[in-house]
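Trainee: My questions will all concern the structure given below.
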Amino acid sequence: MAIYRTAPFNNCASWDALEEPGAIGAQQIFHCALYFVPILIYYTGCRREELCGAMVDDVIFDNGEIPYLHIAKNEGRRIKNAQSQRNIPLHPEAIRLNFLAYVKEIKALGYKLLFPDLFSPTSSSCAVERHGS
């Protein structure tokens, strides 16, 4: 399908131009929430809002075990009820698609939100919601 040959599925131009295609054969590949959120919804079963409100520190991968996503109330999201607080193992396919490398890069850039491109000071809705559910 042609859609999978475009940004954000293939490669984004830069962190400042996430909806523009990157150069063919580029050394550095940029992805964003529009790439990872649907993949994570599929492989984890998490709710869209749980992922969109995740913080970088909610991804645990230095514990010597299977990397996982810690779902709990934080400053970026609330949870529906006490049973919604849980740890979700990351599927090997999400890891193969460089999700952990993305997390490390976002953390190195100093972001607290896992998907900082979703939020704008001028909008109260999440970008994934604006692009469709």
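Trainee: Sort through 125, 84 and tell me the only one that's at pLDDT below 90, out of contact with any Cys (no Cβ under 9 Å at 6 or more places or on another chain) and either surrounded by 14 or more Cβ atoms within 10 Å (Cβ to Cβ) or within 16 Å of residue 60 (Cβ to Cβ) (or both).
Mentor: Being at pLDDT below 90, out of contact with any Cys (no Cβ under 9 Å at 6 or more places or on another chain) and either surrounded by 14 or more Cβ atoms within 10 Å (Cβ to Cβ) or within 16 Å of residue 60 (Cβ to Cβ) (or both) holds for just one of 125, 84, which is 84.
Trainee: Restricting to the range 47-88, give me the number of residues that are farther than 15 Å from residue 114 by Cα and of a type in the set (A, V, I, L, M, F, W, C).
Mentor: Number satisfying all stated conditions: 4.
Trainee: Ok, one more. Within the range 48-68, take every residue that is in contact (Cβ under 8 Å) with a residue 24 or more places away in the chain and touching a Pro at 6+ places or on another chain (Cβ under 8 Å) and give me the one that is surrounded by the fewest Cβ atoms within 10 Å (Cβ to Cβ).
Mentor: 66
The values are calculated or read from the model by the stated rules, or taken from the named source; none is laboratory data. Model, not experiment: these values are computed from the prediction. Note that each Cβ is placed from the backbone with ideal geometry, even for glycine, and that neighbours are counted across all protein chains shown.
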